[in-house]
Amino acid sequence: MPSKDCYRHGMKHGPDALVLDFVEWIAASPRRYCDVMEAWKTSCPRLTIWEDAIDQGLVRRCRTDGDLSIETTEAGRALLAKTRKLRIQDGHDAPNPL
């Protein structure tokens with residue numbers, strides 16, 4: 001169980017695998033908000049992958065041609081690049097061009 005301190009100062013861990021998958025999906029092409037909601041919907045209110053990615057500054061809401069969209073931020077792109085580099089160094093993965 002987390003210590004009470006983590007509630008005051010936040011958890012000290014990086015994004016989980018689902019958040020990374022989400023950021024990579026968004027990085028391939030900015031997505032319309034309604035498409036994001038449809039593709040990443042869940043019946044569990046605790047599983048809020050796209051909200052976690054927004055809160056962590058990895059993606060952001062924006063307007064594209066008048067539509068609300070979600071796009072990857074510089075921090076999100078940097079995280080993907082770092083993750084790919086670590087996977088390649090560990091021999092777990094080949095680069096996945098976006």
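The values are calculated or read from the model by the stated rules, or taken from the named source; none is laboratory data. These numbers come from a predicted model, not from an experiment. Cβ: placed from backbone, ideal geometry, glycine included. Neighbour counts: every protein chain shown. These area figures cover heavy atoms from the full protein model, side chains too; ligands, DNA and RNA do not enter into them. Shrake-Rupley method; radii C 1.70, N 1.55, O 1.52, S 1.80 Å.
If I model a spin label as a point 7 Å beyond the Cα along the Cα-Cβ vector, how far apart are those points for LYS82 and LEU18 in nm?
2.2
Just to check I understand the Karplus step: with θ = phi - 60° and J = 6.51 cos²θ - 1.76 cosθ + 1.60, what whole-Hz values come out for the range 70-84, glycine and proline as x?
10, 9, 6, 8, 4, 4, x, 5, 5, 5, 4, 4, 5, 5, 4
Carbon and sulfur: what percent of the range 23-62's accessible surface (1.4 Å probe)? If you can, show how the numbers build up before the last one.
Working: 1240 of 2550 Å².
Carbon and sulfur: 48 percent of the exposed surface of the range 23-62.
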